[in-house]
1. Here is a list: Leu48, Leu17, Leu24. Which entry is among the hydrophobic types (A, V, I, L, M, F, W, C), surrounded by fewer than 18 Cβ atoms within 10 Å (Cβ to Cβ) and in contact (Cβ under 8 Å) with a residue 12 or more places away in the chain?
2. If I ask for residues that are aliphatic (A, V, I, L, M) and either within 14 Å of Ala223 (Cβ to Cβ) or touching a Leu at 6+ places or on another chain (Cβ under 8 Å) (or both), which ones from the range 182-196 would you list?
3. So, in the range 99-123, exactly how many residues are part of a helix (DSSP H, G or I), polar (S, T, N, Q) and closer than 19 Å to Glu136 by Cβ?
4. Tally time: how many residues in the range 123-138 are surrounded by fewer than 17 Cβ atoms within 10 Å (Cβ to Cβ) and at pLDDT 95 or above?
5. With (1) loosely packed, with under 15 Cβ neighbours inside 10 Å; (2) under 18 Å from the mean Cα position of the chain (by Cα); (3) among the β-branched types (Val, Ile, Thr) as the list, and Val112 as the residue in question, which single condition is left unmet?
6. Please determine, by comparing only the residues of the range 192-220 that are surrounded by 18 or more Cβ atoms within 10 Å (Cβ to Cβ) and hydroxyl-bearing (Ser, Thr, Tyr), which one is nearest to Ala9 (Cα to Cα).
Amino acid sequence: MKNRTFLIAGNWKMNTLQPDAITLATQIAAISTEILSSVEVLICPPALHLAPVKAAIETAEVKVGAQNMHQALSGAYTGEISAPMIASSGCSYVILGHSERRQYFGETDALVNLKIKQALAHNLTPIVCIGETLTEREAGLELAVVTTQVKGALANLTAEEAQQLVWAYEPVWAIGTGKTATPEQAQSMHAALRTLVGELVSDEVAARTRLLYGGSLNAANAAELLAQPDIDGGLIGGASLKATDFGTIIQTAFRLSA
């Protein structure tokens, strides 16, 4: 039994039309109804679907979060969404620094840090994504890369603010590729990450911090990965778009928490 509640989060990315999103959310809410006491379930639809999805599952305990946000409160930033907008739609989480944001949109550690501060100021829990590319891992730089990303994310944050973060380790080489870090590789990085948070913030905060694995976690490998002592849940992409698969992961987490 872990001393941290599992968090099973679905990142739908740029998928689903609105009717499909509502159906999927409703199915996930139905699956989750009886096991939410020990597993926190989160779905992160595209921004356009946040309000209708939240409304469709209003009576459920399933949380809704955004996939990204701008660092400014408002202004001439065509196409962007702000922390207040996300909060006003009933969301409680936001994914920040996803590798696809870093790769395709040039997001830096400094920018992610600004977004974290804005999210916290509006009572949104940031899920901060970190992880190395295949080239970096093959060069033995994975820990150095993750350390730099963590330090950047925590810059000028107080211990009280730092303890509100959720971290998602996502080896870039395992996202959407069908490849997955072995349970041993994932646990090793998660343990190092917890140690790093302890060194940069405090051991007390590190012990309570939830660390998610985010590299092609699916129904077939969930049990092996979630059983690792420093893995407290998953940030799930493709498998979160199928209610049955996502439900299997939720149920696996429930069994492991018993």
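The values are calculated or read from the model by the stated rules, or taken from the named source; none is laboratory data. All values derive from a computational prediction rather than experimental measurement. Here the Cβ positions follow ideal geometry from the backbone for every residue, glycine too, while neighbour counts run over all protein chains shown.
1. Checking each option against the conditions leaves just Leu48.
2. Scanning the range 182-196 gives Ala186, Met189, Ala192, Leu193.
3. Number of matching residues: 2.
4. So the count comes out to 1.
5. Going through (1) loosely packed, with under 15 Cβ neighbours inside 10 Å; (2) under 18 Å from the mean Cα position of the chain (by Cα); (3) among the β-branched types (Val, Ile, Thr) one by one, Val112 breaks only (1).
6. Tyr213
Okay, residues lined up against (1) touching a residue at least 40 places away in the same chain (Cβ under 8 Å); (2) of a type in the set (S, T, N, Q); (3) more than 21 Å from Asn11 (Cβ to Cβ):
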{"residue": "Gln164", "(1), (2), (3)": "yes, yes, no"}
{"residue": "Ala181", "(1), (2), (3)": "no, no, no"}
{"residue": "Pro229", "(1), (2), (3)": "yes, no, yes"}
{"residue": "Ser240", "(1), (2), (3)": "yes, yes, no"}
{"residue": "Gly247", "(1), (2), (3)": "yes, no, no"}
{"residue": "Ala253", "(1), (2), (3)": "yes, no, no"}
